[in-house]
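All remarks here apply to the structure that follows.
The values are calculated or read from the model by the stated rules, or taken from the named source; none is laboratory data. Keep in mind that this is a model prediction, so the values were computed, not measured. Here the Cβ is made from the backbone with ideal geometry for all residues, glycine too, and neighbour counts use every protein chain on show. SASA here: full protein model, heavy atoms, side chains in, ligands and nucleic acids out. Shrake-Rupley method; radii C 1.70, N 1.55, O 1.52, S 1.80 Å.
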Amino acid sequence: MNRPARPNPDRARPSKARPSPTGVALTSLALLCGSASAQTAIPDLAAYRSMAAALDQAVADRAGNSARSLSDLDRASAAFVTLRPSVSSALLTSGIDRALQSSRAALGRAPADLEAQVEQARSLMRKALNDQTLARLGAPGSAPLQEQSALLASEFGLQGAARSSFLAAAAARDPGRAARLLRNAAAQKIQSNLAAASAAQVGAAQAGAVPANTAQRTRSYLALARATGWFTVVQDAPDTGGLTLPQFTQALSNLTGGNAAALATSLSDLQRGAAAFVKVSAQAARTGGAATSAPAGTGTAPTIPSTPASGQTPAAQTPIAQTPATPSPATQSPASSSPASQRTASLDAVYAALARAQSAAGHADLPLARTQVGRAAQALSATGLRSVAGYDSLEADLNALQDRTGLSASDLQAVMAELNNVEQLAASQPTSTLDATSASVSRFPAPIWPLLFLVVGQLALYPLYLLNLAFGGRNSYWRAIAASLLLLFLPVLLEGLGGTLAYLGDLSGAGFLRSLGNLSLRQGAWGLPIWLLLTAAAVGLASYGFRGLCRQFGLLGGSGGSGNANPTRAETAQTALDWDEDL
């Protein structure tokens, strides 16, 4: 099945870039996992540093080499696989994973899109580290946190006296003071980024326009995205100076929609709120005022309006907190955020992950294949297909493939076919019976099919043994026939041998054995010409052998190659005698 295709990161469209539809969801998850969750797990700091470095490098490499940037995102995703178990909040891990997927999708658009998506991922990483560090500082009997506290200080950009004060508060196990110092640093970053966004807009606002060129729009857009990211980290502060996440959403919408007057008003409101936030945070950091950390378990999500599409009026929503997406500075169409567009984008993410998994399984890189299947399973949850018949089976199959030993490329092709059937059902279109059959066959446990092929391949050697036993090996024609039969049976034997060795290698962790799965001619398109050559050689050898036997029997003009088609009885008898003597 050839539907999934890897996006081309070099086809950037700076002036037409649009946000990933999952942008709204990935940061909104952070609101639900602030002080309301007790997060006391110990994060994997090495994996955190590796992931952060890879994400930052992806942004740096994007302008000059998009392929290298994609490799950086691969390293970040691999580091997140290690980091994930140590992140306490399932909502944050899901949000970070969505941000990584959106970052991959942004490679095919403007560089600003990638930087904004990476900024979202980094802000969720900071929030996870911040929440878990403060929770551990307040937990009695927890281990010392010097390294974790130092990393958190670096993530917030604390330097000099501010860094020393924070580390001292962490050493004294004072989570309240530590939280106040971090909020003060974040508030200042929010204020400075809003000032940068406003600076690009000031001159153009007098002329009634948004920032006049692409560079100005990009600077303003990225500054707003950074301010939004920092506010996401500290959005559960007791006093934010009146700042709310919908304000950031509206400002981004005004910028991308080209509404200059509304953008100026939004930025003005944000700057006033940021100034108040800085003032109250600085006062709390100096005096230890009332702006202390909210106790775990008391945080609630506020009732806020949803972000409207173009031409819509904001409608009050239930208390499900949302944070803004980070659209690129280009005019968007309302359809870009429609449910159908979101479903399409989510399905594309599932197909892309499964295609990468199939590519990895095609050269026996089974750990990477299972990692990609895991990403596909996570992306599937955002497709909105849960109510469609067959979704539960598809979800179960994806979960089973994540744990399957000896995963093969055909298993992934079958699950992609199953996904296509579910997609067709959702669109009220006919489904493929053949695809459904493939999905059913692929559910058999991994070692069964390789073992069956291996048994049949070994049994195929038995008739060759009987052939040699009956007629011996001195006659060249019989040897040619035996060799042709062996070549015909060889693909079956290789399929069983390769699949069995790959299973054993995957089970034991022996990379060499796992690589022998490439003996199977079904691993990739390269197996077809080899199979064709083996069959052609078998046909040639069989033709040579049977033609020689016919000549010995005199059916094609006699054993000596004579053209006489009517040999005498003596010649025929002599031919039979020669045949018996050869045996």
Filtered residues of the range 224-247 (kept if surrounded by fewer than 19 Cβ atoms within 10 Å (Cβ to Cβ) and among the charged types (D, E, K, R)): ASP239
Just to check your reading of the model, which residue among ARG547, ARG551 is among the basic types (Lys, Arg), at pLDDT 85 or above, loosely packed, with under 15 Cβ neighbours inside 10 Å and farther than 30 Å from ARG356 by Cβ? ARG547
Sole miss for SER387 among (1) among the hydroxyl-bearing types (Ser, Thr, Tyr); (2) over 18 Å from GLY505 (Cβ atoms); (3) more than 18 Å from the chain's Cα centre (by Cα); (4) buried (at least 21 other Cβ atoms within 10 Å of the Cβ) is condition (4)
Do we find that LEU26 is at pLDDT 50 or above, assigned to a helix (DSSP H, G or I) and farther than 23 Å from LEU151 by Cα in this structure? no
Within the range 79-127, track down each residue that is in a loop (DSSP other than H, G, I, E, B), crowded, with 23+ Cβ neighbours inside 10 Å and within 16 Å of the chain's Cα centre (by Cα). LEU107
Residues in the range 248-261 that are open to solvent by 30 Å² or more (accessible area, probe 1.4 Å) and either part of a helix (DSSP H, G or I) or hydroxyl-bearing (Ser, Thr, Tyr) (or both) total 4
Cβ-Cβ distance below 8 Å, separation of 6 or more or different chains: which pairs start in the range 458-482 with a residue that is over 15 Å from VAL492 (Cα atoms) and touching a residue at least 40 places away in the same chain (Cβ under 8 Å) and end on one that is open to solvent by 50 Å² or more (accessible area, probe 1.4 Å) and not in a helix (DSSP H, G or I)? PHE471/LEU583; GLY472/LEU583; ASN475/LEU583
Test: GLY505 is more than 21 Å from ARG547 (Cα to Cα) and in contact with a Lys or Arg (Cβ under 6 Å, 6 or more places away or on another chain): yes
For the range 442-467, how many residues meet the condition of being farther than 16 Å from ALA414 by Cβ and of a type in the set (Gly, Ala, Ser)? 2
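Within the range 436-446, take every residue that is free of Cβ contacts under 8 Å to residues at least 40 places away in the same chain and part of a helix (DSSP H, G or I) and give me the one that is surrounded by the most Cβ atoms within 10 Å (Cβ to Cβ).
Applying the filter and picking the extreme gives SER438.
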Test result for TRP449, part of a helix (DSSP H, G or I), modelled with pLDDT under 90, of a type in the set (Phe, Trp, Tyr) and within 30 Å of ALA400 (Cα to Cα): yes
Within the range 398-415, track down each residue that is touching a residue at least 60 places away in the same chain (Cβ under 8 Å), within 18 Å of the chain's Cα centre (by Cα) and open to solvent by less than 40 Å² (accessible area, probe 1.4 Å). LEU407, ALA409, VAL415
Total residues in the range 464-509, condition of a type in the set (S, T, N, Q) and within 26 Å of GLY406 (Cα to Cα): 2
Of all residues in the range 68-87 being of a type in the set (Gly, Ala, Ser) and more than 13 Å from LEU114 (Cα to Cα), the one that is modelled with the lowest pLDDT: SER86
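Looking at THR331, is it open to solvent by 60 Å² or more (accessible area, probe 1.4 Å), touching a Gly at 6+ places or on another chain (Cβ under 8 Å), modelled with pLDDT under 80 and assigned to a loop (DSSP other than H, G, I, E, B)?
The answer is yes for THR331.
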Can you name the number of the only condition in (1) surrounded by fewer than 18 Cβ atoms within 10 Å (Cβ to Cβ); (2) under 22 Å from ALA187 (Cα atoms) that GLU147 fails? (2)
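Could you go through the range 56-63 and let me know if any residue there is at pLDDT 50 or above and open to solvent by less than 10 Å² (accessible area, probe 1.4 Å).
yes
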When you look at PRO430, is it more than 28 Å from ALA400 (Cα to Cα), loosely packed, with under 14 Cβ neighbours inside 10 Å, at pLDDT 85 or above and not charged (D, E, K, R), yes or no? no
Filtering the range 467-517 for residues that are open to solvent by less than 40 Å² (accessible area, probe 1.4 Å), closer than 23 Å to SER359 by Cβ and in contact with an Asp or Glu (Cβ under 9 Å, 6 or more places away or on another chain) leaves a count of 1
Checked the range 518-529 for anything out of contact with any Pro (no Cβ under 7 Å at 6 or more places or on another chain) and surrounded by 13 or more Cβ atoms within 10 Å (Cβ to Cβ); matches are ASN518, LEU519, SER520, ARG522, GLN523, GLY524, GLY527
From the list GLU418, GLU395, pick out the single residue that is surrounded by fewer than 17 Cβ atoms within 10 Å (Cβ to Cβ) and assigned to a helix (DSSP H, G or I). GLU395
